[in-house]
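Okay, so here's the structure we're looking at.
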Amino acid sequence: MKATKVIGVLLLVFFLAAFSAPACADPLKELATFQKDDRVLILAPHPDDETIGCAGVIMRAREAGAKVKVVYLTSGDNNIFSILFYNPLLFPVRVFFIRGKDFVTLGQQRQAEAIEAMKILGLEKEDLTFLGYPDHGTDKMFISYWGDKKPYESMLSRQKKVPYKDSLSFKEEYKGDNILADLKGFILDYRPTKVFVSHAADFNGDHWALYLYLQMVLADLFDEMPMPKVYSYLVHVPGWPLPRHHHPELELKPPSEDFFSDLSTEITWEQLKLSPDEVEKKFKAMLAYRSQTHISAFYLFSFIRRNELFSELPVIKLKKQAGKNYNFTGDNQWVSFALVENYLLLKAKKPPESKSRSSFIFFLAGYKYGMFFGDMPHISIHTKFDKFKIYDTISGKPIEPKDASLAFGPEAITLKIPLGLLGDPDAFLFSLHSYNSRFLPGGCSAFRRVVIEP
């Protein structure tokens, strides 16, 4: 077997075995028991997310004697409401004197709150790593800020480099390259057996971005270390969880089936049931985040429940087809795929309420084993009725491939693009957004991993 084919097979095994969930499984399976030799890694987009999604995991793993580490992608320094309302100076006087460095001070405060919260759950300061990348900016970095491009500038703090002296990434520029390097170095050194990370379907950009950074890191490390089991936790979903505020006697339920639409039958949900003592400690840890509970307790306390939930979106598999008689592959009704010869076909169903005026934005980023992800094509495709434009999201420049096309049908639109436009990848990341998003299930915008079978 040729080396390239072996690599392709290994990559396929990685995506399917390590990360995909079995179809049509029972909705709430019990999370696997932690063992003494486990090395658990919690990846948190912001200080407080580790408590919201994984406080029980931290306590249960520590009880089993396992090692636990927490890595924070950002320090949550872009929260204007914390600056305005959690401050000794009165609003509205305060709003006229906000400076960029005030947001850095907020980030330092949230780091201190994280240290206090984690001590309640049994972790010490040395178990925590703060990367310090920009709050509400890591998603934009993932889409557009790679390589020689000027670094991202934080909207409120005006920083372009990590400003926190005690962080792992002090003075690193705000670029996707540096996030990948930091995560790769940490994971290769720690070699976790289980990783808990924010969900790809989360509506907060830092949350889905951290999930994607992790996927690219683990794909690169596939032949250098044993692959950990990955669990994803949801935080930001419109109208979820309900009821709001503090109800520790209730169980956390998955979002309604409408959120993921037809895909809901393909998702496995796992839960960790918490004891009353664990629920109480989780509540005390959440109270340590005073800058956050002061402004949104009704929402944060909604996650203080008798259990914690985890799920994964299944990997989409594509195999090349030939000729005119090809089939689309997809696990839900809103978007489907076909790989015909050397072309990728994307079919997006029009919302019934707006069939004649449907417009979409597709984002695709190729992955090839052995190639740096930042050097692979990142493209967005904007469709408006029967017209479309393609852009390189890193340079911002339009791309005009001669053999790309759009078919505008009565029920769906179908894009046809050459696979070379994605760098002839082994796999790619995909996301769909619509200008008519109110007609689509919320989960349709979740980033998906698509593997091209060798």
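In table form, for the structure just shown:
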| read-out | value |
| --- | --- |
| Output for region 104-144, where each listed residue is part of a helix (DSSP H, G or I) and charged (D, E, K, R) | R110, E113, E116, K119, K125, E126, D127, D139, K140 |
| Residue match in region 410-432 (condition: without any contact (Cβ under 8 Å) to a residue 24 or more places away in the chain, in a strand (DSSP E or B) and surrounded by fewer than 20 Cβ atoms within 10 Å (Cβ to Cβ)) | no |
| Cβ pairs under 7 Å, 6+ apart, first in region 141-158 and free of Cβ contacts under 8 Å to residues at least 24 places away in the same chain, second hydrophobic (A, V, I, L, M, F, W, C) | Y152/M141 |
| Yes/no for A3 being modelled with pLDDT under 65, hydrophobic (A, V, I, L, M, F, W, C) and either at positive phi or not assigned by TED's automatic domain parsing to the domain that holds P276 (or both) | yes |
| Tally, over region 368-390, of residues that are free of Cβ contacts under 8 Å to residues at least 60 places away in the same chain, crowded, with 18+ Cβ neighbours inside 10 Å and of a type outside the set (S, T, N, Q) | 7 |
| Neighbours by Cβ (under 8 Å, 6+ apart or cross-chain): first from region 273-297, in the same structural domain as E124 (by TED's automatic domain parsing) and hydrophobic (A, V, I, L, M, F, W, C); second at pLDDT 95 or above and assigned to a strand (DSSP E or B) | L274/N307; L274/E308 |
| Selection within region 256-293 - at pLDDT below 90, under 18 Å from L242 (Cα atoms) and either surrounded by 18 or more Cβ atoms within 10 Å (Cβ to Cβ) or of a type in the set (S, T, Y) (or both) | S256, F259, F260 |
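The values are calculated or read from the model by the stated rules, or taken from the named source; none is laboratory data. What you are looking at is a predicted structure, and each value in this text was computed from that prediction instead of being measured. We place every Cβ from the backbone using ideal geometry, glycine too, and count neighbours over all the protein chains shown.
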